[in-house]
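Below is one structure, written out as structure tokens; the observations come after it.
The values are calculated or read from the model by the stated rules, or taken from the named source; none is laboratory data. Everything quoted here is computed from the prediction, not taken from an experiment. Backbone-built Cβ (ideal geometry, glycine too); neighbour counts: all protein chains shown.
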Amino acid sequence: MNDEFYIGWEERAPSGIGSQVRRAVAFLLAFAVVLAVLLAVAQRTIGVSVFEWGKVKSFSGVLRSQPYPHLLVPRPGAVTGQTSFSSYYLVKPFKFGLDAGLARRLDGKSVNLKGTLIYRGNQTMIEVIGDSIQQQDNPSQLIASASTTAPVNLGEQTLIGEIVDSKCYLGVMNPGQLTPHRACAIRCISGGIPPVLLVRQTNGPALYFLLVSSDGRPVNKQVLNLVAEPVQITGEVERQGELLILRADPATYRRLAR
Amino acid sequence: MGLEYKAVRWNRQKRIYDFALVGGVGAFLVLFTVSTKVLFPFVTGEILLMRAFGAAAFILLHVVLCIGPLCRLNPKFLPLLYNRRHAGVTTGLLGLVHATLVVVTYHAGGDTNPILSVFKGSPLTGSIAGVPFQPFGFFALVILLLMAATSHDFWLANLSAPVWKSLHMLVYAAYALLVLHVAFGVLQAEVNPVYVLAVGGGLVVVLGLHIAAAFREVPTDRAPDSAAGDDGFVDACAVADILEKRARIICLSGERVAIFKYDGKVSAVSNVCQHQNGPLGEGKVLDGCITCPWHGYQYLPDTGASPPPFVEKVPTFNVRVRHGRVFVRPKPNPPGTRAEPAPVEAESRSSRLEEALTSASER
Ligand code: FES
């Protein structure tokens, strides 16, 4: 050991100590740079989803309150028929779903509203601005044609997936899934955001199933403890326009061990 | 002495330290956010920042924890230790930004009080997802912020060094909580092995350095071989083992003693600096004073008192040199008590005579 001695407040360290410390600092800085890039590249949970934050648009269509509030908007240029409507889930700002009473009052009515678009894959949602929902006076043939989108039963199926809150997962947060997001998903679903079973497919796009009880009611409060984990659900699947709905008693949902 | 403390002033060394610290943290934050945004353009801003700040805090905590054992293994790293507090406070602030983003993004705007939601929001379900990883982070942050708030010398002086030191040992609890926070949080989602390896590697380095440093110190911690004589003096080490103006640290009845050799004399004082418990035995005698390697507090070797106007005092130990060996009485004298330094050079000539005199007086 040589006899270099250095006190913290001295202007300059002796050369031996100085060069050792400089090497250590250079190593740490290089390490920070490498780690920053490595950790960024290694991320696997950030998907392709969009929340058009700050961009408010107007929408017109038929409001449906069942099973969760959504808006049926006729596709431009399409003739009347089963697939001529796009379905937009309707939610409120922050972690709240659309007011159920309001949705029930306007069920089946033609409305105008303003909101911000959220989308991922084939799923679309509108974050509705305050009191912007206005009932249209002239219920055109729109309603008549929308009412033809009757549910189609696809039979009993067993599905494995993750319960996500549709709002965050579709784009308000990205990544908006799995354990780190669990508490938020629980708050959102508790606040009325439609709970969705996300089924990831190895070959093919992810599938989204709106969760309802056997008798078709919202199950927000019953699924809270099963959010953001692998679960298996067996139930009746039906198609209502563009929406897939999974009917099952939440008590029969099974948590899969991880 | 209550409110007295000596502020260590701003200087070139501190400025370089902070420059490197801010530069390193800034580089990490910018590179992480830019790379993520380029690779995954749909990432949302608040989560991007949440990840960047959380990762930066966790990594910086590793650096903070490694500096201590590194310095014990090689004193040349000591300059990294002097302003380690700046790195510690920075860690707490990075964690605070991360936590604020988490509360605002994940917990606010819902049907529950956001802070309550941090706890309520992770219901125990018996599965891994039910492990409350957010409360782990919350408590770790409380510790880090408590440490940051009391990091100034003002608190050190008011809480007294031992209390302050134990408070700041909580950093290990914070680290343990954060390892759990990360393991049961983001590692449950980000399955790329890079993350597991990074967290595991960090744990191995932190533990490994602490174990290595502890092993290094085992020999000094062991009690000297020969038992106490009639008069209680204990064989501590050979005079030749001590470098001029430097010390050997030995452990006597549970206390660490620094035995200094200087100007043909030997003196022993407590190893613990009054300022921040710095290791005086790793210091040097400068201008006739034992100088602490951490922040340069000084003590006179014979009295253990700081030269006026300073008032710090450390306990002294009575010493004696016989046949080229240093003997120390394990019982400390009250701080600031003068203990006669034992002459080294005259030792070989006079020890016989002295021994004869002692035995004569004892008769
Ligand atoms: S610990 Fe600060 S000067 Fe000794």
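Structural remarks
- Selected residue (criterion: nearest to B:GLU244 (Cα to Cα)) from residues of the stretch B:274-313 that are within 14 Å of chain A (Cβ to nearest Cβ) and touching a His at 6+ places or on another chain (Cβ under 8 Å): B:CYS292
- Test: residue in the stretch B:4-12 that is under 29 Å from B:VAL196 (Cβ atoms) and more than 9 Å from every other protein chain (Cβ to nearest Cβ): no
- Taken over the stretch B:259-286, residues that are within 12 Å of the ligand (Cβ to nearest atom) and free of Cβ contacts under 8 Å to residues at least 40 places away in the same chain amount to 6.
- B:ALA55 meets the stated requirement of being within 10 Å of chain A (Cβ to nearest Cβ), buried (at least 16 other Cβ atoms within 10 Å of the Cβ) and at pLDDT 95 or above.
- The listed residue being more than 20 Å from A:CYS188 (Cβ to Cβ) and within 11 Å of another protein chain (Cβ to nearest Cβ), out of B:ILE128, B:ILE143: B:ILE128
- B:VAL234 vs. criteria modelled with pLDDT of 90 or more, more than 16 Å from the ligand (Cβ to nearest atom) and either exposed (fewer than 13 other Cβ atoms within 10 Å of the Cβ) or more than 13 Å from every other protein chain (Cβ to nearest Cβ) (or both): no
- Conditions (1) assigned to a loop (DSSP other than H, G, I, E, B); (2) modelled with pLDDT under 90; (3) polar (S, T, N, Q): number failed by B:THR303: (2)
- Some residue of the stretch B:197-204 being modelled with pLDDT of 95 or more, within 14 Å of chain A (Cβ to nearest Cβ) and more than 29 Å from the chain's Cα centre (by Cα): no
- Residues in the stretch A:231-258 that are touching a Ser or Thr at 6+ places or on another chain (Cβ under 9 Å), in a strand (DSSP E or B) and over 26 Å from A:GLY101 (Cβ atoms): A:GLN232, A:ILE233, A:THR234, A:GLY235, A:GLU236, A:ARG254, A:ARG255.
- Whether a residue is in contact with a Gly (Cβ under 6 Å, 6 or more places away or on another chain), at the interface with chain B (Cβ under 10 Å from one of its Cβ atoms), under 28 Å from B:PRO41 (Cβ atoms) and modelled with pLDDT of 95 or more was assessed, and A:CYS168 passes this test.
Rundown of residues vs (1) crowded, with 24+ Cβ neighbours inside 10 Å; (2) within 16 Å of B:GLY336 (Cα to Cα), yes/no style:
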{"position": "B:LYS245", "(1), (2)": "no, no"}
{"position": "B:ILE249", "(1), (2)": "no, no"}
{"position": "B:ALA258", "(1), (2)": "yes, yes"}
{"position": "B:LYS261", "(1), (2)": "yes, no"}
{"position": "B:VAL266", "(1), (2)": "yes, no"}
{"position": "B:VAL272", "(1), (2)": "no, yes"}
{"position": "B:GLY278", "(1), (2)": "no, no"}
{"position": "B:VAL285", "(1), (2)": "no, no"}
{"position": "B:CYS289", "(1), (2)": "no, yes"}
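- Meeting the requirement of 1 or more residues that are touching a residue at least 24 places away in the same chain (Cβ under 8 Å) and among the hydrophobic types (A, V, I, L, M, F, W, C), the helices (runs of 4 or more DSSP H) wholly within the stretch B:91-176 are B:133-149, B:153-159, B:161-169.
- Against the conditions (1) assigned to a loop (DSSP other than H, G, I, E, B); (2) under 23 Å from B:ARG72 (Cβ atoms); (3) away from the ligand (no atom under 15 Å from the Cβ), B:HIS295 satisfies every one except (3).
- Scanning the stretch A:85-109 for residues that are of a type outside the set (Phe, Trp, Tyr) and within 18 Å of the chain's Cα centre (by Cα) turns up A:SER86, A:SER87, A:LEU90, A:VAL91, A:LYS92, A:PRO93, A:LYS95, A:GLY97, A:LEU98.
- A:LEU198 vs. criteria in contact (Cβ under 8 Å) with a residue 60 or more places away in the chain, outside any helix (DSSP H, G or I), in contact with a strand residue (DSSP E or B) (Cβ under 8 Å, 6 or more places away or on another chain) and not polar (S, T, N, Q): no
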